[in-house]
1. With the requirement that a residue be touching a Ser or Thr at 6+ places or on another chain (Cβ under 9 Å), surrounded by fewer than 24 Cβ atoms within 10 Å (Cβ to Cβ) and either in contact (Cβ under 8 Å) with a residue 40 or more places away in the chain or on the phi > 0 side of the Ramachandran plot (or both), what does the range 58-76 give you?
2. Tally the residues that are of a type outside the set (Lys, Arg) and either over 16 Å from PRO40 (Cβ atoms) or open to solvent by 70 Å² or more (accessible area, probe 1.4 Å) (or both), restricting the search to the range 116-128.
3. So, ILE426, is that one among the hydrophobic types (A, V, I, L, M, F, W, C), surrounded by fewer than 16 Cβ atoms within 10 Å (Cβ to Cβ) and farther than 22 Å from GLY218 by Cα or not?
4. Return the residues of the range 254-279 that are surrounded by fewer than 16 Cβ atoms within 10 Å (Cβ to Cβ) and either among the aromatic types (Phe, Trp, Tyr) or in a helix (DSSP H, G or I) (or both); say none if nothing qualifies.
5. Scan the range 1-42 residue by residue and report those that are of a type outside the set (Gly, Ala, Ser), open to solvent by less than 30 Å² (accessible area, probe 1.4 Å), modelled with pLDDT of 95 or more and in contact with a Leu (Cβ under 9 Å, 6 or more places away or on another chain).
6. Consider ILE383 carefully, then state whether it is closer than 19 Å to ILE219 by Cβ, surrounded by 17 or more Cβ atoms within 10 Å (Cβ to Cβ), in contact with a helix residue (DSSP H, G or I) (Cβ under 7 Å, 6 or more places away or on another chain) and of a type in the set (Val, Ile, Thr).
7. Out of ALA188, ALA173, ALA154, which single residue is touching a residue at least 12 places away in the same chain (Cβ under 8 Å), over 21 Å from the mean Cα position of the chain (by Cα) and either surrounded by fewer than 24 Cβ atoms within 10 Å (Cβ to Cβ) or farther than 26 Å from PRO81 by Cβ (or both)?
8. State all residues of the range 420-438 that are outside any helix (DSSP H, G or I) and among the hydroxyl-bearing types (Ser, Thr, Tyr); if no residue qualifies, say none.
Amino acid sequence: MSQQQPPAPVEGYQDMVHAAESQFDREQFKQLLMDMVNIPSPTGEEAELARYMADHMTANGLQGQTQYLDDQQANAIGKLPSRSKQGPELLLYASFDTHLGGSDEEERWAGQPLPSMLRPQARLEGDEISGLGAENPKAYAACVTTAATCIAKAGLELPGELTVGLGAGGMTALSRPGFSRRNIGHGAGVMFMLQRGYRPDYCVMCKPVYAVAWEEVGICNFTIRVKGAMGYVGVRHMMPQDQNPFPQVAKVIEALEAWFPTYTARHTSGLVAPQGGISAIEGGWPHKPIITTADVVLHVDIRPSPRTDPVQVKRELQAMLTELSQQHPDVVTELEATLAIPGATTSPDNWIIQSMIRAWEDVEQTPHEPFLNMSGYTDLSVIRQWGVPAARLGVPFRHQEPNPEDSLPMNRVHLDDCYRLIQVLIRSAIDTCSRPIEITQQYQ
């Protein structure tokens, strides 16, 4: 961590923070988040929510804009310009597409019936809001938006420019069945945003967890084709060799499940403990099961650390499959990479990391400790790869009673936790945008 002496707060810093925080309207924030949950925004279909958020930002002191990628996909931008333009440009960023669309077609694999918590229908119980993506990503998009609108409504004149970016296509997903577009996820929205001129000096992205993070994993997807031969169940006992690939698939799965922990152990370093897993299987004709498939395809997700190139991940996986075939000559596989996004890191000495840590400690009144062994991917890796120093922070962890409807810890959030995150964002944004750019550039 930084050995540099932290800079003294700018004159009037605490007054500016107080002025911005006094603009926080809890009821307005609650309604904003519930409205966001109620607007479906599966990856590639975020335009309606983008229009809503751009209008909200315009109505609350920012210059709102809907930035279309196409007729169905769009980012939402909100700018708080600087008159002097002597300070840094800071992007407060969150994605706002959900991992599911809440449609009936998803019930087959998500569980039948689809739990209400996995549908875009906001529910309020006390101070907790639930529904599809209520915490991740929609609470984060609501928090970065609200932090910036609080600063805007306080009438603060900052030397630096503050921008809210709500990005489409943050999830690592292709389009839903029936849609022909493919380039809709994996950071497509923020990449478009950066290409079109919204390239800041610094970025803060909101995603789990409640500790300032300066690095995270990338993501690599592979298909492993387990080879066999098409056959007919009725004559398998008459064939000299049964080449149904499914028994060999079992061997491949067992080998992968044994290999994943060794991969993690080799590449755990810094803040990350990269994981791997099997996510889907394809093979055969369900409508005519008397015919056995020639091939079965496994879809595998493996996370590279910032210090491991995706090419190296593929080599390690291929070496494991080659060893498996040597041990079991009847196991024949073909490996193909289908997605390769490197991990990325920002120096922990960089201004934005140090500013966020100072802000976190000011809110929590305790020394900051980094959170280790993370393996969650976000499109912040894309932002860092474009050369933008970036910090990441989410809402505080809250112990919640297990909910059988909530299979993923991202669909409910407490309003108090959102406000704590907003307080940190306000402090770091003011700390950063109230200084000359030359001061912040001393911390790299």
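The values are calculated or read from the model by the stated rules, or taken from the named source; none is laboratory data. These numbers were taken from a predicted model, which means no experiment stands behind them. All Cβ positions, glycine included, derive from the backbone under ideal geometry; neighbour counts span all protein chains shown. Only protein heavy atoms, including side chains, enter the accessible area calculation; ligands, DNA and RNA are left aside. Shrake-Rupley method; radii C 1.70, N 1.55, O 1.52, S 1.80 Å.
1. ASN60, GLY61
2. Residues that pass the stated criteria total 6.
3. Considered against the rule, which asks whether it is among the hydrophobic types (A, V, I, L, M, F, W, C), surrounded by fewer than 16 Cβ atoms within 10 Å (Cβ to Cβ) and farther than 22 Å from GLY218 by Cα, ILE426 comes out as no.
4. Those that are surrounded by fewer than 16 Cβ atoms within 10 Å (Cβ to Cβ) and either among the aromatic types (Phe, Trp, Tyr) or in a helix (DSSP H, G or I) (or both): GLU254, GLU257, ALA258, PRO261, THR262, ALA265, ARG266.
5. Matches in the range 1-42: PHE29, LEU33, MET36, VAL37, ILE39.
6. Numbers: closer than 19 Å to ILE219 by Cβ: yes; surrounded by 17 or more Cβ atoms within 10 Å (Cβ to Cβ): yes; in contact with a helix residue (DSSP H, G or I) (Cβ under 7 Å, 6 or more places away or on another chain): yes; of a type in the set (Val, Ile, Thr): yes.
Here the answer is yes, as ILE383 does meet what is asked.
7. Working: ALA188 fails: over 21 Å from the mean Cα position of the chain (by Cα); ALA173 fails: over 21 Å from the mean Cα position of the chain (by Cα).
Answer to the selection: ALA154.
8. SER434
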